[in-house]
Each structure stands twice: as structure tokens, then as C-alpha cells.
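The structure appears below as C-alpha cells.
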Amino acid sequence: MKKKAKYKRKKSKPTPKGKITAGMLIRLPDFSKGLVPVIIVDYVTKQVLMLAFTREQEFWETFHSHEVVFWSRSRKKRWKKGEEKSGNILQVHEIHLDCDGDTLIYYVSQKNPGAGVCHTGAPTCFSPVILAVFEKKGNTTAKIIPL
């Protein structure tokens with residue numbers, strides 16, 4: 001009777017969270033419907049900075065360069081944040097994809113945060129807080145509270 005060879009299976013080291021290694025299966029955004037919205041969040045503070053859109057080409061440019069590139073809906077062209085005016089280029093630290101594959105979140109740091117991320121120069125495109133106050137008759141008035 002032959003002895004069976006005993007093979008010990010090597011224990012694999014756990015993959016660090018967020019690190020992509022050879023052989024891993026990753027999900028990619030679904031660009032079949034066109035533009036994909038991208039929520040931009042500050043990597044350190046977790047504050048939502050802005051919302052923009054990307055196409056597949058700009059997504060891959062962002063992925064490879066680690067600098068945010070969008071598709072401008074109004075100008076109908078590629079738009080690298082900070083490239084033309086402010087110098088406030090956004091460096092990508094993490095990219096997250098939602099469960100449906102149709103929305104992205106980029107966690108970023110700003111190369112020139114003093115310029116503000118918004119085209120108005122504000123630190124975020126979402127700076128004013130709007131509260132709806134309901135009157136007894138069911139009418140709604142809006143009150144803007146500056147931060």
C-alpha cells in the first residue's frame with residue numbers, strides 16, 4: 001500500500017483593507033447608461049465637498065493618475081479639477097463604488113485647499129444649510145443659515 005503524500009496548505013496572509021492584489025475580483029462602475037455621478041469627500045474630515053460626473057475614460061485617468069478628472073456636463077469636455085484656474089488638484093486616496101455600480105465616492109485631499117473646492121472659492125459646494133420651516137397652513141418657507 002502506497003503512502004499518501006501529505007501536503008500542508010500554506011496559510012495566506014490576509015489582504016490589507018482596500019488593497020487590490022493579483023487574482024482579486026473587483027467590481028467596476030457601470031457606464032452603460034452614460035455618466036456616473038461622483039461624490040467627492042475630504043479624506044481626513046469626511047466632509048462632502050462636491051458632486052460631479054465621470055465617463056469611463058475620465059474614471060480610468062483618475063484611477064491611474066490618482067488625480068481627479070471629471071466630465072463637465074456644461075462644457076461637454078474633460079475637466080481636471082484645478083488644472084485651469086485654482087491649482088486645487090484633488091488627489092485620490094480611495095475610490096468606493098455603491099451596491100448598484102452606478103455611483104462613485106472619491107476620498108480626496110486637496111493640493112491647494114486655500115483655493116476652495118467650489119468654483120465660488122468656498123471650501124465645499126454644499127456650504128449653506130437650508131432649513132425648511134413649515135407654517136401652520138402647510139406653506140413652506142426656506143431660511144438660509146451661513147456657516
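Only the coordinates and a few stated rules stand behind these numbers; no lab work does. Just so we're clear, the structure is a prediction, and the values are computed from it rather than from any experiment. No Cβ is skipped: glycine too gets one built from the backbone with ideal geometry, and neighbour counts run over all protein chains shown.
Return the subset of LYS46/LYS111; LYS33/LYS76; LYS33/LYS81; LYS46/LYS77 for which the Cα-Cα distance in this structure is over 22 Å, preserving the input order. Provide the component values of the computation, followed by the final result.
Numbers: LYS46/LYS111 16 Å; LYS33/LYS76 17 Å; LYS33/LYS81 24 Å; LYS46/LYS77 28 Å.
Too far apart for the 22 Å limit: LYS33/LYS81; LYS46/LYS77.
Give, as ranges by residue number, the residues of segment 38-61 whose backbone N falls under 16 Å from the point 7 Å along Cα→Cβ of SER109.
41-47
Once the piece of chain linking HIS93 and HIS66 is laid out straight, how much longer is it, given 0.36 nm per residue of separation minus the C-alpha distance between them?
Working: separation 27, 0.36 × 27 = 9.72 nm, distance 0.74 nm.
Result: 9.0 nm gained on full extension.
Where in segment 90-110 does the amide nitrogen come within less than 15 Å of the point 7 Å from the Cα of ARG75, taken along Cα to Cβ?
The answer is 90, whose backbone nitrogens lie closer than 15 Å to the label point.
Give me the one-decimal nm value for the distance between modelled label points at ASP100 and GLN47, 7 Å along each residue's Cα-to-Cβ direction.
2.9 nm
Show which aspartates and glutamates lie in cross-link reach of LYS80 when reach means a straight Cα distance below 19 angstrom and same-chain residues fewer than eight apart are skipped.
The reachable aspartates and glutamates, counting only those whose Cα sits under 19 Å from LYS80, are ASP42, GLU56, GLU58, GLU61, GLU67, GLU94.
Order these peptides, 100-107, 73-80, 49-56, 60-67, by their mean beta-carbon neighbour count within 10 angstrom, highest first. Mind dumping the intermediate values first?
Numbers: 100-107: 16.4, 73-80: 11.6, 49-56: 19.0, 60-67: 14.4.
Per-residue Cβ counts within 10 Å, averaged per peptide and sorted highest first, yield 49-56, 100-107, 60-67, 73-80.
Given H placed on each backbone N at 1.01 Å, which residues far from GLU67 in sequence or on other chains put an amide H within less than 5 Å of it?
Residues meeting the amide H criterion: VAL92.
From Cα coordinates alone, what are the radius of gyration and Dmax values for segment 36-122 in angstrom?
Rg, Dmax (Cα atoms, Å): 11.9, 35.
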